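Remarks on the structure that follows.
The values are calculated or read from the model by the stated rules, or taken from the named source; none is laboratory data. Treat the numbers as computed from the prediction; the structure is a model and nothing was measured. So basically every Cβ, Gly included, is an ideal-geometry build from the backbone, and we count neighbours across all protein chains shown. In case anyone asks, the SASA skips ligands and DNA or RNA and just uses the protein heavy atoms, side chains included. Shrake-Rupley method; radii C 1.70, N 1.55, O 1.52, S 1.80 Å.
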Amino acid sequence: MSIRVWDYLAEYAAERPDLLDAVETVFASGQLVLGASVRGFETEFAAYHGVDHCVGVDNGTNAIRLGLQALGIGPGDEVITVSNTAAPTVVAIDSTGATPVFTDVRADDFLMDTAQVAAAITDRTRCLLPVHLYGQCVDMAPLRRLAERHGLAILEDCAQAHGARRHGTVAGSTGDAAAFSFYPTKVLGAYGDGGATITSDASVARRLRRLRYYGMEDRYYTLETPAHNSRLDEVQAEILRRRLRRLDRYIDGRRAVARRYADGLADTGLVLPRTAEGNEHVYYVYVVRHPRRDTIIERLRAHDIHLNISYPWPVHTMSGFAHLGYRPGSLPVTEALAAEIFSLPMYPSLSPERQDRVVHAVREVLSTL
Ligand SMILES: *Cc1c(COP(=O)(O)O)cnc(C)c1O
């Protein structure tokens, strides 16, 4: 039987009664858009992070885009982020009219190299946008110091880091705002699309609520600046409420899978994920590194094991961002990683038996390289 890099069907079988009850709850509620489930989820998701406001939106890309706009970022501004991320991080910045500026990542944990950020700041820089990549947090302390010194906003991209902590502080609770995706594969996933932006700044929250709803105030129907429709769907919100209560259990399940990989693959020459000092990793993806990556992936396919690469093309090398003017070689660590990284199957309901099959197959392939 084939093993995919992500699979939700075992989890669905276990949660089916609760999920179908969530659907029934919304269908029978009498309010299908921006009703009790969106409000309830927003309250509970804000509380999980210890922040004052959460605004549910239709996906993670819009959570970033509207987050930036609510922070006042737009044309002419520069936003410092990384190229070693999912393309939507950069698509969202670009869609506001602002210019993405890239820093390289660290070779050991693949996270933003915060030591390079100061050199990237210009008089047009308005925002720092760290990505808590693969499930662990960027060190926010140096970014906060720079933000204070230069008067910059911070938006955290938490799409891969629900529940991740650094020195006990949960991802998304230290920036001026933080954006989440609930795409199904994420650590907290919906059964379809969803996203949210959280903040403790009441005026940012108010702008977010307008931005997701044509530019209107929910109650008074005044419209000053026209905006799009980016509402979170009521059914997805109710499903997310149910699943939020189990988030810490999903994280425990991912950590158990990570421990079994670490035990089974310790002495193989594969470079395994490194958790930065002070971090509590949630393993959105389990990214390993090997110079013969493409051969390994091809041979594992013969074992019916299907792997993924997050991400094979650094964003600054994509033709859609050629106008930013980066050349091959401009971000050496990011470019070297892209040629060597791949992700092993990772999801909380991955059974030990299936995982053993992956470990045995990887060991066998590596021993015959
Ligand atoms: C998934 C993801 C997004 C985009 O989320 P969508 O819900 O797919 O729009 C943005 N940033 C990162 C880092 C992601 O992993």
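Only residues that are among the acidic types (Asp, Glu) and open to solvent by less than 60 Å² (accessible area, probe 1.4 Å): list them for the range 1-35, please.
First, the residues of the range 1-35 that are among the acidic types (Asp, Glu): 7, 11, 15, 18, 21, 24.
Answer for the range 1-35, where residues must be among the acidic types (Asp, Glu) and open to solvent by less than 60 Å² (accessible area, probe 1.4 Å): 7, 11, 15, 18.
Out of the helices (runs of 4 or more DSSP H) lying entirely within the range 185-285, which hold 1 or more residues that are touching a strand residue (DSSP E or B) at 6+ places or on another chain (Cβ under 7 Å) and of a type in the set (Ser, Thr, Tyr)?
Helices (runs of 4 or more DSSP H) meeting the threshold: 247-264.
Determine which member of the set 187, 288 is closer than 25 Å to residue 51 by Cβ, open to solvent by less than 50 Å² (accessible area, probe 1.4 Å) and touching a residue at least 12 places away in the same chain (Cβ under 8 Å). So that I can check it myself, show each step before the final result.
Numbers: 288 fails: closer than 25 Å to residue 51 by Cβ.
When all the criteria are applied, what remains is 187.
Listed here are the residues, each with its yes/no results for (1) within 16 Å of the ligand (Cβ to nearest atom); (2) hydrophobic (A, V, I, L, M, F, W, C); (3) touching a residue at least 12 places away in the same chain (Cβ under 8 Å).
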{"site": "1", "(1), (2), (3)": "no, yes, yes"}
{"site": "19", "(1), (2), (3)": "no, yes, yes"}
{"site": "39", "(1), (2), (3)": "no, no, no"}
{"site": "71", "(1), (2), (3)": "no, yes, yes"}
{"site": "89", "(1), (2), (3)": "yes, no, yes"}
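Run down 128, 133 and say which single residue is in contact (Cβ under 8 Å) with a residue 40 or more places away in the chain, among the aliphatic types (A, V, I, L, M), crowded, with 24+ Cβ neighbours inside 10 Å and within 11 Å of the ligand (Cβ to nearest atom).
Within the list 128, 133, the selection yields 133.
Out of 330, 319, report the one residue that is touching a helix residue (DSSP H, G or I) at 6+ places or on another chain (Cβ under 7 Å) and open to solvent by 20 Å² or more (accessible area, probe 1.4 Å). Spell out how you get there, then give the answer.
Numbers: 319 fails: touching a helix residue (DSSP H, G or I) at 6+ places or on another chain (Cβ under 7 Å).
Result: 330 is the single residue among 330, 319 that is touching a helix residue (DSSP H, G or I) at 6+ places or on another chain (Cβ under 7 Å) and open to solvent by 20 Å² or more (accessible area, probe 1.4 Å).
Go through (1) assigned to a loop (DSSP other than H, G, I, E, B); (2) over 30 Å from residue 164 (Cα atoms); (3) in contact with a His (Cβ under 9 Å, 6 or more places away or on another chain) one by one and return the number of the condition residue 329 breaks.
Looking at each condition in turn, residue 329 falls short on (3).
With the condition kept exactly as written, say whether any residue in the range 156-166 is open to solvent by 40 Å² or more (accessible area, probe 1.4 Å), under 30 Å from residue 15 (Cβ atoms), free of Cβ contacts under 8 Å to residues at least 60 places away in the same chain and assigned by TED's automatic domain parsing to the domain that holds residue 104.
The answer is no; no qualifying residue exists.
Which of the residues spanning the range 303-316 are outside any loop (DSSP other than H, G, I, E, B) and open to solvent by 40 Å² or more (accessible area, probe 1.4 Å)? Talk me through it step by step, then tell me what you get.
As a first pass, look at the range 303-316 and keep what is outside any loop (DSSP other than H, G, I, E, B): 305, 308, 315-316.
Across the range 303-316, the qualifying residue is only 308.
Please verify whether the range 106-114 includes one or more residues that are out of contact with any helix residue (DSSP H, G or I) (no Cβ under 9 Å at 6 or more places or on another chain), away from the ligand (no atom under 12 Å from the Cβ) and over 27 Å from residue 247 (Cβ atoms).
Filtering the range 106-114 down to residues out of contact with any helix residue (DSSP H, G or I) (no Cβ under 9 Å at 6 or more places or on another chain) leaves 108.
Now restrict to residues that are away from the ligand (no atom under 12 Å from the Cβ): 108.
Add one more test, that the residue is over 27 Å from residue 247 (Cβ atoms), and what stays is 108.
Yes, the range 106-114 has at least one match.
Would you mind stating whether residue 117 is surrounded by 21 or more Cβ atoms within 10 Å (Cβ to Cβ), within 16 Å of the ligand (Cβ to nearest atom) and outside the structural domain of residue 310 (by TED's automatic domain parsing)? Write out each step before concluding.
Working: surrounded by 21 or more Cβ atoms within 10 Å (Cβ to Cβ): yes; within 16 Å of the ligand (Cβ to nearest atom): no; outside the structural domain of residue 310 (by TED's automatic domain parsing): yes.
No, not satisfied.
Against the conditions (1) within 22 Å of residue 51 (Cβ to Cβ); (2) over 16 Å from the mean Cα position of the chain (by Cα); (3) surrounded by 22 or more Cβ atoms within 10 Å (Cβ to Cβ), where does residue 234 fall short? Just the number, please.
Looking at each condition in turn, residue 234 falls short on (1).
Out of 247, 208, I need the residue that is touching a Ser or Thr at 6+ places or on another chain (Cβ under 6 Å), open to solvent by less than 60 Å² (accessible area, probe 1.4 Å) and either outside the structural domain of residue 345 (by TED's automatic domain parsing) or closer than 17 Å to residue 180 by Cβ (or both). Which one?
On the way: 247 fails: touching a Ser or Thr at 6+ places or on another chain (Cβ under 6 Å).
Exactly one residue qualifies, and that residue is 208.
Output the residue which, of all residues in the range 183-225 that are in contact with a Leu (Cβ under 6 Å, 6 or more places away or on another chain) and within 11 Å of the ligand (Cβ to nearest atom), is nearest to residue 73 (Cα to Cα).
Among those residues, the one meeting the criterion is 194.
Checking residue 148 against (1) open to solvent by 10 Å² or more (accessible area, probe 1.4 Å); (2) within 16 Å of the ligand (Cβ to nearest atom), which test does it fail?
The single condition residue 148 does not satisfy is (2).
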